[in-house]
Amino acid sequence: MSAPLTFDGRVVLVTGAGGGLGREYALAFGQRGAAVIVNDLGGDIKGGGRSSAAADKVVEEIRAKGGKAVASYDSVEDGEKLIQTALDTFGRIDIVVNNAGILRDRSFARTSDVDWDLIHRVHLRGSFLVSRAAWNHMKNQKFGRIIMTSSAAGIYGNFGQANYSAAKLGLLGLSNTLAIEGQKYNIHCNTIAPTAGSRLTETVMPPDLLQSLRAEYVAPLVLWLCHEACPENGGLFEVGAGWIGKLRWERSLGRIVRQKNQSMTPEAVRDAWSEICDFTDASKPSSIQESLQTLVEVLSRVEDERGIRANPTAGTNPSSAVGQTLPEMVFSYTHMNCILYALGVGMSTREPEHLRFLYEGHQDFSVLPTFGVIPAQSAMMGLSSVPGLNIDFTQLLHGEQYLEMSGALPTSGTLRSRAVVADVLDKGSGMVIVLDVHTYSERELVCYNQFSLFIVGAGGFGGKRTSQKAVATAPRPDRAPDAVIVEQTSRDQAALYRLSGDWNPLHIDPSFAAMGGFESPILHGLCSFGFAARHVLKQYAANDVSRFKAIKVRFVKPVYPGQSLQTEMWKEGNRIHIQCKVKESGDVVLSGAYIDLQTDVCVSAGSPQVCTHTHTHTSETRLRAQRDDAVRSQSLSLQSDLVFSEIARRIRDGGQELVKKVNAVFGWEISKDGRTVREWTIDLKTDGGSLHRGVSKADVIFSVSDEDFMEVVKGKLNPQQAFFSGKLKVKGNIMLSQKLEAVLKDYAKL
Ligand code: NAI
């Protein structure tokens, strides 16, 4: 059996402890080692009169059993005095049980001002005054436990108790907010709705029941909630007769009753009433953020003229979300967004090399490759509309990020991103959503993002633990770093970065950050990610964005704006392993991270070749050389081009059929003189099929020279032979090669 719960060294104030429930709490705390302030005004149940006898008697009982206790005869309306008694006698205050109460029951019409006010003064205002007096002491010592005493009459209503019900449910509202404000200081506030025989209930309960519903069946819950080992905060519990149950809010899926550019009418409300009140697939929102989230989602749904149901947290089987696609996201931008992003990730005119990212008139004006996360990031929020994922957005942590470039990002234009839930994993303590987002400029894939999102507390649904689809992190080499760059972020780094589209108040609003348990607003993980990528580009690619291929990071700890980021780098071929720390604290903030660079291509004496020597020329020359090279490759005419244009025609004419038969995506890398000069994707999986430039999301990728490709197409070279002789290289699902025939047959006559 585990150790008993004790309260040695703790100082507890129980209000209204002269009788009933309060007395029971005081005795139990005293017995378990706490020093107890037994507070009671000693009046009648309607709030009249006063006497010290009730409190004194309980103090004596505690002392008689060897406990420590002192009496307090003040009314809870003098909250400061009660806390002062605790400080004067025992030097501190750890726990407050707001329990004092009276009744002035009347049917509503007969409730007088006095009936109303007295009840509110004792229950609601009294609990407020006592708790406020204790608050700063608890805050300073970073420990506090507060109990509010509500009532079933407040939760459900009760005839003749309008005043009491209102005050009692007011206490729940008070507790909900104290739970949020206190969390950071280890001050927990919970609410109980007890039922027990006492002088308050003797007029409404038969004597037998009064006897059976003993106060000692309530006290154990109060003691547990007040113990330092109890993590509960912001809970509401009904308790009585030896039973305890927890309550929470439930919200129906709801219905949007408004349409874009049309006024909202009561008739629309009437007509949707049964759906508004239908609790099938109801959610259990637990925070105001979740509540607001719904409204934001509704606004965008109305704007996009999408569905009518409004509950983002509906549904219960996260695994069923795998494969679900999100509505297409459109992102239009100009050079301003690119520059703002560059500033957001710390670029500065102090460094002349940065000018090409900050000045649209620069001859090599470029976009940082990590800007590729920007058009894709809203997919995270879009998850709220995916059925099956019961996401509480306040519990969402951005766990990992992968970004792979397929082409250079344009410096302005419109990008379209398509997101799909690639996998959902059950990690026990939470759920991981692997979200794949492909971003296109026209039909060209420009980048692919994979977001790994951790939802704390959403695990345990029986899903799988790992995924083939998740891009893995890579451990750094076990040696001192090959290079280190340290750079201080600015005090306004997060304020600047958020302008690129991540508006989460956690990064700007101190009170919001406090709710999340942070000292102050934190930097965006993707901002540190941008810094790290820049450092690698500077160290190993002379700021040449065309060398950037992919980046993977795991977000470990937060960074506060103003802290210095220290990027440690290890070069292993084209892969640069990275680890990012906060220099001031030594905390690792990005781990398992790496950046893959493109092989450095140089141009010498007209023919391109892989560069093995160290750089002697400036990055501008190389950039230009590479561009020229790219242009040359594009204008190079290949025999295979003809075949691909015929493939495109066939897909246009009978794509549906092919998609049905083949159901796979084939990537092609066509080389000339040992260099890849063309990339194609034959998509025979999506919609009616398509052919486009670049290799994206292929199930299998074939690398072959233009000449050998033609040999295969003409039937002169058997694909198997080509494979075994090394002329045709295959990556990915090799079994799909068998379907190639359906794609390539009958081209011999071309
Ligand atoms: P009780 O009447 O035995 O205890 C209440 C105590 O509060 C009394 O000793 C009274 O002298 C003291 N008190 C009243 N006004 C005060 C003031 N201004 N300052 C300091 N002390 C004051 O009643 P019981 O049943 O033990 O109630 C305890 C709490 O539980 C109350 O807040 C009550 O509303 C609540 N409650 C009780 C239920 C029950 O079934 N007994 C049901 C729902 C709620």
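Odds and ends about this structure:
- Of the residues making up the range 215-241, those that are within 14 Å of the ligand (Cβ to nearest atom) and in a loop (DSSP other than H, G, I, E, B) are Val218, Ala241.
- Listed by position, the strands (runs of 3 or more DSSP E) contained in the range 1-91 that have at least 1 residues being open to solvent by 20 Å² or more (accessible area, probe 1.4 Å) are 68-72.
- Against the numbered list (1) in contact with a helix residue (DSSP H, G or I) (Cβ under 7 Å, 6 or more places away or on another chain); (2) open to solvent by less than 30 Å² (accessible area, probe 1.4 Å), Ala474 comes up short only at (1).
- Subset of the range 694-719 (residues that are touching a Ser or Thr at 6+ places or on another chain (Cβ under 8 Å) and of a type in the set (S, T, N, Q)): Ser696, Ser703, Ser705
- Lone qualifier among Ser212, Ser198, Ser287 - being of a type in the set (Ser, Thr, Tyr), within 16 Å of the ligand (Cβ to nearest atom) and in contact (Cβ under 8 Å) with a residue 40 or more places away in the chain: Ser198
- Cross-chain or 6+ apart pairs with Cβ under 7 Å, the range 650-679 first and open to solvent by less than 70 Å² (accessible area, probe 1.4 Å), then in a loop (DSSP other than H, G, I, E, B) and among the β-branched types (Val, Ile, Thr): Gly667/Val695; Glu669/Val695; Glu679/Val695
- In the set Pro206, Pro194, only one residue is buried (at least 21 other Cβ atoms within 10 Å of the Cβ), more than 17 Å from Ile95 (Cα to Cα) and more than 25 Å from the chain's Cα centre (by Cα); that residue is Pro194.
- Comparison of Gly66, Gly47, Gly101 shows that the only residue that is within 12 Å of the ligand (Cβ to nearest atom) and on the phi > 0 side of the Ramachandran plot is Gly47.
- Qualifying residue in the range 529-552 (condition: open to solvent by 20 Å² or more (accessible area, probe 1.4 Å) and part of a strand (DSSP E or B)): yes
- Any chance Ala167 is near the ligand (Cβ under 10 Å from one of its atoms), part of a loop (DSSP other than H, G, I, E, B), open to solvent by less than 40 Å² (accessible area, probe 1.4 Å) and aliphatic (A, V, I, L, M): no
- Cys230 meets the conditions (1) without any contact (Cβ under 8 Å) to a residue 40 or more places away in the chain; (2) touching a His at 6+ places or on another chain (Cβ under 8 Å) in every case but one. The failed one is (1).
- When every residue of the range 420-430 is checked against the conditions, at least one turns out to be out of contact with any Lys or Arg (no Cβ under 7 Å at 6 or more places or on another chain), in a strand (DSSP E or B) and more than 24 Å from Leu292 (Cα to Cα).
- Only listed residue being within 16 Å of the ligand (Cβ to nearest atom) and of a type in the set (Phe, Trp, Tyr), chosen from Trp135, Trp116: Trp116
The values are calculated or read from the model by the stated rules, or taken from the named source; none is laboratory data. If you're wondering where the values come from, they're calculated on a predicted model, not measured in any experiment. All Cβ positions, even for glycine, are placed from backbone atoms using ideal geometry, and neighbour counts span all protein chains on display. What goes into the accessible areas is simple: the full protein's heavy atoms, side chains included, and nothing from ligands, DNA or RNA. Shrake-Rupley method; radii C 1.70, N 1.55, O 1.52, S 1.80 Å.
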